[in-house]
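Only one structure is covered here, and it is reproduced in the block below.
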Amino acid sequence: LSEKEVAECHETFRAFDKDGNGSFHLEELSTVLSSTGRTYSKEQIQKAMDRIAGIENAACITFEQFSALLRVDMNLTLEARVLQRFRNFDVDGSGEISLEELKTCIQSLDGLVTGAEIEEMLKLCDGDGNGEVSFEEFSAMLL
């Protein structure tokens, strides 16, 4: 997203963040979706929040998680969206995600994740043991 788009996201986020805590709870996210003409059940919204947050029964989603949603074109096929995500991690465009690329991306999302935890993540995804994650390995992990 451009700086202008990020600023617009922040503005929108703050407008709907009724309690001002910097995150959307289920009711706040429901209001955001309703304002765009999209209505979903509480169960559907909770399921989406769980996927976004990466945990079951997520109580809320952060601005960073919300803005990541806006970067994904929902008209793309699942494979195209996975490729888009892969390219976010594959900073140098080599076709493989290195440990350094993974560390940079993960720590920009969550500074509390340790280098050792990220190394373990890489090992879990690295099916051929070459120390990097290919698109095929990345896809297998997500699908």
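The values are calculated or read from the model by the stated rules, or taken from the named source; none is laboratory data. Everything numeric in this text was worked out from a predicted model, so none of it was measured. Reconstructed Cβ throughout: ideal geometry from the backbone, glycine too, with neighbour counts over all protein chains shown. For the accessible areas, the whole protein counts, side chains as well, though only heavy atoms, and no ligand, DNA or RNA atoms are used. Shrake-Rupley method; radii C 1.70, N 1.55, O 1.52, S 1.80 Å.
Over the chain, Cα pairs under 8 Å with separation of 6+ residues give a relative contact order of 15 percent. Label-to-label distance for S35 and E3 is 2.5 nm, based on points extended 7 Å past Cα in the beta-carbon direction. Using r as the Cβ-Cβ distance of A116 and I55, and R0 as 30 Å, what FRET efficiency do you calculate, to the nearest 0.05? In this case the efficiency is close to 0.90. Compared with the rule-of-thumb size 2.2 N^0.38 Å for a compact globular protein, the range 1-93 has a Cα radius of gyration ratio of 1.14. All Cα-Cα separations within the range 1-42 were binned at 5 Å from zero, giving a P(r) of 5, 24, 25, 22, 17, 5, 1, each value a whole percent of the pairs.
Surface listing: D50, D110 arranged by accessible area from highest to lowest gives D110, D50, probe 1.4 Å. Between E79 and S67, full extension at 0.36 nm per residue minus the direct alpha carbon distance yields a gain of 2.2 nm. Accessible surface computed residue by residue for the chain, with neighbouring protein chains in place and a 1.4 Å probe, gives 66 Å² per residue.
The apolar share of the surface of the chain, taken as the fraction of accessible area on carbon and sulfur atoms (1.4 Å probe, ligands and nucleic acids excluded), comes to 53 percent. Neighbours of D92 by Cβ distance under 14 Å: Lys/Arg scored +1, Asp/Glu scored -1, total -3.
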